Amino acid sequence: MSEIIDCQLEQAGYQKLSAPLPACAYDVLDEVLDSVVQENFRRRRNGTRYAIRNAHLAVPALRPLLEHGALVELARGVLGQTVALVSATLFDKQPGANWFVPPHQDLFVPISGTTDDLRWTNWSIKAGVQYVEPPVEVQRELLALRLHLDACPGVNGALEVVPGSQHERLDEDAVAEFAEKAFEVCPAGPGEVLLMRPLLVHRSRAAKLPERRRVLHVVYSATVPPKGLEWT
């Protein structure tokens, strides 16, 4: 299966896997994420919760499942045996948190430490966690796995991607130039995983028939950061 995955990822930058996780692994992840305390969620001004940034840090029971479970094995099938957890975000879109996410590339990752390597740029602090933009050769070795915990059809804000756009770091003007017909919708059902390269240009529309949509977005790396830096 890894050869098939590698081929599609190389060409298009993404691939959907139908029911790739054992039922027990999915059930455990679902149970852990469904029991997260309310205080961990980021919220809209109307009070509606919508996401947990750095869920691997905020939810202690989640991290071992991501470092030793079925998802990391999927990542190893693409990246090889040297795989490190970089980040995890839980999106929990509900009718009160329904908006259009414009086209973009995922450029920033949480990181610990410092480095004199000037290729690591655009340092910032978000919610008390340090972020950085890695050099493009490191970004190319990142892999995101989006585990859908609820149905995510096209009318419920499914991810839309520009196939083949994952090879280079693009500026905002270049991202904005992609025509409407360049985007492909990636609907998914509960338990399905979408593999994608973070540099893949993607967006999501506001849901036309908004229902709850939980997605666990986990990023792994095949690259060891330079001396002084560690993945969080």
Inset, instruction - Considering every residue within the stretch 100-112, establish whether at least one is among the polar types (S, T, N, Q), without any contact (Cβ under 8 Å) to a residue 60 or more places away in the chain and not in a loop (DSSP other than H, G, I, E, B). - result: no
Inset, instruction - Taking LEU85 as the residue in question, decide whether it is in a strand (DSSP E or B), surrounded by 17 or more Cβ atoms within 10 Å (Cβ to Cβ), touching a helix residue (DSSP H, G or I) at 6+ places or on another chain (Cβ under 7 Å) and at pLDDT 95 or above. - result: yes
Inset, instruction - From (1) touching an Asp or Glu at 6+ places or on another chain (Cβ under 8 Å); (2) hydrophobic (A, V, I, L, M, F, W, C); (3) exposed (fewer than 15 other Cβ atoms within 10 Å of the Cβ), pick out the condition that doesn't hold for LEU149. - result: (3)
Legend entry - Only listed residue being over 17 Å from the mean Cα position of the chain (by Cα) and modelled with pLDDT of 95 or more, chosen from PRO95, PRO110, PRO64: PRO64
Legend entry - LEU118 in a loop (DSSP other than H, G, I, E, B), of a type outside the set (Lys, Arg), without any contact (Cβ under 8 Å) to a residue 40 or more places away in the chain and out of contact with any Ser or Thr (no Cβ under 9 Å at 6 or more places or on another chain): yes
Inset, instruction - For residues that are surrounded by 14 or more Cβ atoms within 10 Å (Cβ to Cβ) and not β-branched (Val, Ile, Thr), tally how many sit in the stretch 60-82. - result: 13
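Okay, residues lined up against (1) surrounded by 22 or more Cβ atoms within 10 Å (Cβ to Cβ); (2) part of a strand (DSSP E or B); (3) among the β-branched types (Val, Ile, Thr); (4) without any contact (Cβ under 8 Å) to a residue 24 or more places away in the chain:
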position: VAL155; (1), (2), (3), (4): no, no, yes, no
position: ARG169; (1), (2), (3), (4): no, no, no, no
position: VAL175; (1), (2), (3), (4): no, no, yes, no
position: LYS181; (1), (2), (3), (4): no, no, no, yes
position: VAL185; (1), (2), (3), (4): no, yes, yes, no
position: LEU194; (1), (2), (3), (4): yes, yes, no, no
position: LEU199; (1), (2), (3), (4): no, no, no, no
position: GLU211; (1), (2), (3), (4): no, no, no, no
position: HIS217; (1), (2), (3), (4): no, yes, no, no
Inset, instruction - For the stretch 1-40, enumerate the residues that are assigned to a loop (DSSP other than H, G, I, E, B), at pLDDT 60 or above and either surrounded by fewer than 17 Cβ atoms within 10 Å (Cβ to Cβ) or not β-branched (Val, Ile, Thr) (or both). - result: GLY13, SER18, ALA19, PRO20, LEU21, PRO22, SER35
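The values are calculated or read from the model by the stated rules, or taken from the named source; none is laboratory data. As the structure is a prediction and not an experimental result, all values here were calculated from the model. Heads up, the Cβs are rebuilt from the backbone with ideal geometry, glycines too, and the neighbour counts pull from every protein chain shown.
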